[in-house]
Amino acid sequence: MSAEPPVEPPGRGLLTGLGVVVTAAAGTGIGSAVAKRAILEGGRVLISDVHEKRLAATADRLESETGTRPFTAVCDVTSESDVQALVAAASRSLGGIDVMMNNAGLGGSVRLVDMSDEQWSAVLDVTLSGTMRCTRAVLRHMIARGAGGAIVNNASVIGWRAQQEQAHYAAAKAGVMALTRCVALEAAEHNVRVNAVAPSLAMHPFLSKVTSDELLTELESREAFGRAAAPWEVANVMVFLASDLSSYMTGEIVSVSSRHP
């Protein structure tokens, strides 16, 4: 058992020539890790986020790390007009969208008895309804284009496992899982695959800022490897689900976790 992740592997051309959109990609979490991985795997990448300055800074960093600058588009996934504009911009910039990585989510910790309607609705609107809006818009694009495609949603093991103060987030992520399974059946006739990942604990600077050291230590102790995943370890599974290596997989929720009971 190691407390350190392995060395990130090199790209293998898994997304060569494909147009890839990654939502909520600003910063240093799973979204930007997916974008980096998609670039390293040969994809043409557009990243979006609601935070314009952070989005530009992330594009700068990705260009520095990979030698390729991704396209960018500001998008609030709670806005249908923003989502429509994102798909249109990505179609123009990438020459068509082959892969959609739905990463946007909003969390928070509060007991249900203390939760307001506004807190509940905010988490559901970003995490579940935002995923629905992006999936709906890009699926319409993929069907009209007639070239198939892959949609990969970011769920969470909390959609399966109970945790105090997470009723809104857990409900949203369980909803993402159900959405993924249902849409997969509808999309299959158009050769579009829809899958999701369910990470347990992925370490990045934002998580360490909003989570106490004591809780992080406890959560890491529950993992079989005794550590959190690096964001790129989750990103690799998302890239696998977007690639032709998973050509016969759809409607699946893949746990990216080493957690034991």
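We did not get these values from a lab; they are worked out from the coordinates using the rules stated. Just so you know, these numbers come straight off a predicted model, no measurement behind them. Note that each Cβ is placed from the backbone with ideal geometry, even for glycine, and that neighbours are counted across all protein chains shown.
Structure notes:
- Antiparallel DSSP beta bridges within region 19-256, percent to nearest 5: 0
- Here's the picture: charge each Lys and Arg Cβ at +1 and each Asp and Glu Cβ at -1 in region 11-123, and of THR78, GLY43, THR28 the one pushed furthest to the positive end of that dipole is GLY43.
- Extension gain (nm, one decimal) between ARG136 and GLN84, 0.36 nm per residue minus Cα-Cα: 17.7 nm
- Highest mean packing first, where packing is the average number of other Cβ atoms within 10 Å per residue, the peptides 129-142, 17-30, 245-258, 109-122 line up as 17-30, 129-142, 245-258, 109-122.
- Proximal charge balance of THR58 [Cβ under 10 Å; K/R count +1, D/E count -1]: +1
- Estimated FRET transfer efficiency (GLU214, LYS53; beta-carbon r; R0 35 Å; 0.05): 0.60
- Along each principal axis, Cα extent of the chain, largest first, Å: 47, 42, 38
- J(HN,Hα) series, region 3-13, from Karplus relation 6.51 cos²θ - 1.76 cosθ + 1.60, nearest Hz, glycine and proline x: 8, 10, x, x, 6, 4, x, x, x, 10, x
- Amide hydrogen neighbours beyond the local backbone of VAL256, cut-off 5 Å, H modeled: ALA198, SER200
- Taking the centroid of alpha carbons for each part, region 1-78 and region 230-258 are 16 Å apart.
- Other residues whose C-beta falls under 13 angstrom from the C-beta of LEU185 contribute a net charge of -1, scoring Lys and Arg +1 and Asp and Glu -1.
- Less than 5 angstrom separates the built amide H of GLU165 from those of LEU112, all sequence-distant by 5 or more or on a different chain.
- For GLY27, distant residues with modelled amide H under 5 Å away: THR58
- Computed over neighbours whose Cβ is under 14 Å from that of GLN84, the net charge equals +1, Lys and Arg +1, Asp and Glu -1.
- Extending 7 Å from the Cα toward the beta-carbon at both CYS182 and SER255 defines two label points whose distance is 2.5 nm.
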